[in-house]
Amino acid sequence: KDIDRTFRNDPYFGEGKEGQEHLRVLLKIIALKYTDIGYVQGMNFLVVSLLYHCSPEITLFLITVLIEDFELCEIYREDVQGLHKRNREIKELIKQKLPDLFNHF
């Protein structure tokens, strides 16, 4: 369902276009490879962003690295603990590097 709505007006990702098929295949591979997270809404935008700049093979490699080496899978888990962890890390970085911005909020 998300695939058909993802950048549907884009010449590469529109209905029946090559990019849409690459997206469909890659999302299926990811869901089958990482059964503990499967497909999560929003994953399509990450894959599309990479497909704009890389071949499907390189995109799959990069997604694998993000999930396995950079713990991207943690933000996609049902309990979203990884997402909360990343939010705390970003908040701390803003506090350290941009204190005026941090204090504004």
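What dipole magnitude, in Debye to the nearest 20, does the chain give about its Cα centre under +1 on Lys/Arg Cβ and -1 on Asp/Glu Cβ?
Working: 14 positive and 17 negative charges, 53 e Å.
The dipole magnitude comes to about 260 debye.
Compute the normalised compactness of the chain: alpha-carbon radius of gyration over 2.2 N^0.38 Å, N being the residue count.
Values: Rg = 16.3 Å, N = 105, 2.2 N^0.38 = 12.9 Å.
Dividing the Cα Rg of the chain by 2.2 N^0.38 Å gives 1.27.
Multiply the residue gap between residue 83 and residue 105 by 0.36 nm, knock off their C-alpha separation, and tell me the result in nm, one decimal place. Intermediate values should be presented prior to the final figure.
Numbers: separation 22, 0.36 × 22 = 7.92 nm, distance 2.01 nm.
Gain in length upon complete extension: 5.9 nm.
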Rounded to one decimal in nm, the spacing of the 7 Å Cα→Cβ label points at residue 35 and residue 15 is 3.5 nm
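Relative contact order of the range 1-83: what whole-number percent is it, with Cα pairs under 8 angstrom and at least 6 residues apart? Write out the running numbers ahead of the final one.
Values: 65 pairs, mean separation 17.0, N = 83.
Across the range 1-83, relative contact order equals 20 percent.
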In the range 16-84, the trypsin sites (Lys or Arg not before Pro) that sit in a DSSP loop and have at most 15 other Cβ atoms within 10 Å of their own Cβ are 17, 77
The farthest towards the positive end of the charge dipole of the chain, of the residues 96, 7, 44, given +1 on Cβ of Lys and Arg and -1 on Cβ of Asp and Glu, is 96
Taking only C-alpha positions in the range 14-71, Rg and Dmax in angstrom work out to 10.9, 33
Neighbours of residue 17 by Cβ distance under 15 Å: Lys/Arg at +1, Asp/Glu at -1, summed charge -2
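Quick note: the coordinates plus some simple rules give every number you see, no bench work behind them. Only a predicted model underlies this, so the values are computations on that prediction, with no experimental measurement involved. No Cβ is skipped: glycine too gets one built from the backbone with ideal geometry, and neighbour counts run over all protein chains shown.
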